[in-house]
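Visitor: Take this structure, written in structure tokens, and hold onto it; I'll ask about it next.
The values are calculated or read from the model by the stated rules, or taken from the named source; none is laboratory data. Owing to the predicted nature of the structure, the values given are computational and were not obtained by experimental measurement. Neighbour counts are summed over all protein chains in view; Cβ atoms, including those assigned to glycine, are modelled from backbone coordinates with ideal geometry.
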Amino acid sequence: MLPFTFILLAVVAAAGFWAGTHTGVLSDPWLEKIGYAPADLGAGRLGRMFVSTFFTDGPKSLVLAMAVTLLAVGGLERVAGTARAVLTFWGAHTLTLLFLSVLMLLPLRPLTDFFGEELKLVRDVGPSAGYFGCLGALMLGLGAWRWPAIAAVFAGLIVVFCRPAAAGENPLVKKHADLAHLTAFFFGVLSGMCWPLGKT
């Protein structure tokens, strides 16, 4: 049994039906209500960091989120236990959003100076930071193939980051999401190195 994975899948599915993203895109009022932006950290709206996890922005995102959650979170929970999956998912999610938010809000603002001030106001939703963290930790268990596989995933994420936004896609949302995926995967790999699978 994979209790955490199936609870997470159930909540993500329920949120999708509640917000209507099982059939259409997430509306602007919904995004303003539950989406997380880096600026929310400075405003003390930390609850959005966690509420936004369970929502997706459309049918394709909902299906993808559920599929990768089952693969990555479920895989980690199966081989390393529920506690490890919970800690890795929420740890990667929280550290990623905090890390990126702090970078965007620092006086030097390395990310907003590069991408523009608007980046810290971009709202996003989804469990991807958490499941990319779980994927990174899970891949440490691939034996001799783990480092080539991890390098391939990093390379793929960098390619996706460098790819221009598709038609109708908000380029700032894409940049923020792509940065979050890279960061969360790194944190997941790091957690797997510090806390090898099979050890408690």
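Visitor: With 50, 17 as the choices, which residue is under 20 Å from residue 182 (Cα atoms), surrounded by fewer than 17 Cβ atoms within 10 Å (Cβ to Cβ) and not aliphatic (A, V, I, L, M)?
Guide: 50
Visitor: Do we have any residue at all in segment 59-66 that's more than 20 Å from residue 153 (Cα to Cα) and polar (S, T, N, Q)?
Guide: no
Visitor: Among (1) modelled with pLDDT under 95; (2) not in a loop (DSSP other than H, G, I, E, B), which single condition is residue 164 missing?
Guide: (2)
Visitor: Also, quick follow-up: Which of the residues that make up segment 130-171 are of a type in the set (D, E, K, R) and surrounded by 13 or more Cβ atoms within 10 Å (Cβ to Cβ)?
Guide: If the condition is that a residue be of a type in the set (D, E, K, R) and surrounded by 13 or more Cβ atoms within 10 Å (Cβ to Cβ), then 146 is the only one that fits.
Visitor: Shifting gears a bit: Condition first: of a type in the set (A, V, I, L, M) and under 18 Å from residue 100 (Cβ atoms). Can you find one or more residues in segment 140-155 that meet it?
Guide: no
Visitor: For segment 17-31, which residues satisfy the criterion of being within 17 Å of residue 170 (Cα to Cα) and either assigned to a helix (DSSP H, G or I) or not hydroxyl-bearing (Ser, Thr, Tyr) (or both)?
Guide: Selection gives 24, 25, 26, 28, 29, 30, 31.
Visitor: Does segment 68-126 hold any residues that are crowded, with 19+ Cβ neighbours inside 10 Å, in a loop (DSSP other than H, G, I, E, B), hydrophobic (A, V, I, L, M, F, W, C) and at pLDDT below 95, and which are they?
Guide: Within segment 68-126, 122 is the sole residue that qualifies.
Visitor: In the set 14, 43, 19, 65, which member is out of contact with any helix residue (DSSP H, G or I) (no Cβ under 9 Å at 6 or more places or on another chain) and of a type in the set (A, V, I, L, M)?
Guide: Going through 14, 43, 19, 65 in turn, the sole match is 43.
Visitor: Ok, one more. Could you grab me the full set of residues in segment 10-55 that are among the hydroxyl-bearing types (Ser, Thr, Tyr) and either modelled with pLDDT of 95 or more or within 19 Å of the chain's Cα centre (by Cα) (or both)?
Guide: Within segment 10-55, 21, 36, 52, 53 qualify.
Visitor: How many of the residues making up segment 131-161 are assigned to a helix (DSSP H, G or I) and in contact with a Ser or Thr (Cβ under 9 Å, 6 or more places away or on another chain)?
Guide: So the count comes out to 7.
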